[in-house]
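Everything below concerns the one structure shown next.
The values are calculated or read from the model by the stated rules, or taken from the named source; none is laboratory data. In this text, all values refer to a predicted model and were calculated from it rather than measured experimentally. With ideal geometry, Cβ positions are generated from the backbone for all residues, glycine too; neighbour counts draw on all protein chains shown.
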Amino acid sequence: MPKRFANRQRARRTMRLLLLLIISTGSIVAYVLLAITINGQPSYEPFDGWAAVFQPTNEPLVDKVTLKIQSTALGDHPQATFTVAVCGKLPYSGYLLLGGKARLNRYRSFGATPYSSGLVPLRIHEVNNLSLHYVYPRGPVFSLGNVQVAALRFPNVATCPESQPVNSSGYIGGGAAIALTGALGAPIQRAWSAPLAWWDGPHFTEVWPLLGTIPGVPSGDLGSFTRIGGILTGQWIFPTQQILQVNADAVPLSANVDSTVPPSVGRNALAWSSTYPMNPMARLTDSVAITALRPRHWRSYASKLGLRMATPNKWSI
């Protein structure tokens, strides 16, 4: 009888130790996963796409062109709207080119201001393997892959306001404007994800298409390009007077902006405006998620389990 009792006591002690080992191991694993989740950073690679306006070299250099993209930035293929606005003294013509993942699916076109009633909706032409030749002796050839091309025709252009707020991303030129909206080919907003995408971390980034130029051309270089065969005959340059704008329409209220490149001009939202080409990027943190994930009672919980592990006094974000 005493022997049976001792065996029973030994079995209970073994079960308790085994249970303690399982709980301790699980706690350590959970602790490590929390640390990885809190500190995990998503990709900060630039958006693989671009948008630019081209105009003929013989176009009078008196009009001001605004190219703007705005999007909710949500989903793998976010809805985005490209708007081209023109103000100045003379009718304007040119082309809007969308390349890489900035090309649109399921698109539609519409006038974006009260001055746009006479504009013809944009029609996209799909151009495969577009190559532009830089017009200089032995100038380089830019192979741009598949590109969407839309002709811009502004027969009536309103006079530009005397004071145009270049640093205001919500301003689109004060004249006629035409918009093209559709789904992008890649996400703008990226979150850190656990293996197999079982859960997301509190940090995320927003990366936007390159605006105002094509990949490989130095910033501020207006260029002079010719198309190698097909559409876009003649010589083309970027507008001499252009304003480039980016607006993020649906940044979560709980998101803290950690950093932006270039600096954002928006007070309560992500927004950029520049007269030079840019591909804006931002790092953000969901303050609600980061607060929920911070382990406040790990030290006491660990001591109750009899663990002898060093826990940090604070977490680095």
Exercise for the section: Sort through 187, 215 and tell me the only one that's at pLDDT 80 or above, outside any strand (DSSP E or B) and closer than 24 Å to residue 66 by Cβ. Expected result: 215
Exercise for the section: Might you let me know whether region 239-246 holds any residue that is under 15 Å from the mean Cα position of the chain (by Cα), at pLDDT 90 or above and either β-branched (Val, Ile, Thr) or outside the structural domain of residue 53 (by TED's automatic domain parsing) (or both)? Expected result: yes
Problem - Candidates 250, 289, 255, 269, filtered to the one that is under 25 Å from residue 64 (Cβ atoms) and modelled with pLDDT under 85 - result: 269
Practice task
Would you be able to say whether some residue in region 54-76 is over 14 Å from residue 178 (Cβ atoms), aromatic (Phe, Trp, Tyr), assigned by TED's automatic domain parsing to the domain that holds residue 157 and within 25 Å of the chain's Cα centre (by Cα)?
Solution key: yes
Practice task
Please verify whether region 22-33 includes one or more residues that are part of a loop (DSSP other than H, G, I, E, B) and either at pLDDT below 75 or in contact with a Lys or Arg (Cβ under 9 Å, 6 or more places away or on another chain) (or both).
Solution key: no
Exercise for the section: Of the conditions (1) assigned to a strand (DSSP E or B); (2) in contact (Cβ under 8 Å) with a residue 60 or more places away in the chain; (3) touching a Leu at 6+ places or on another chain (Cβ under 8 Å); (4) surrounded by 14 or more Cβ atoms within 10 Å (Cβ to Cβ), residue 151 clears all except one; give me its number. Expected result: (2)
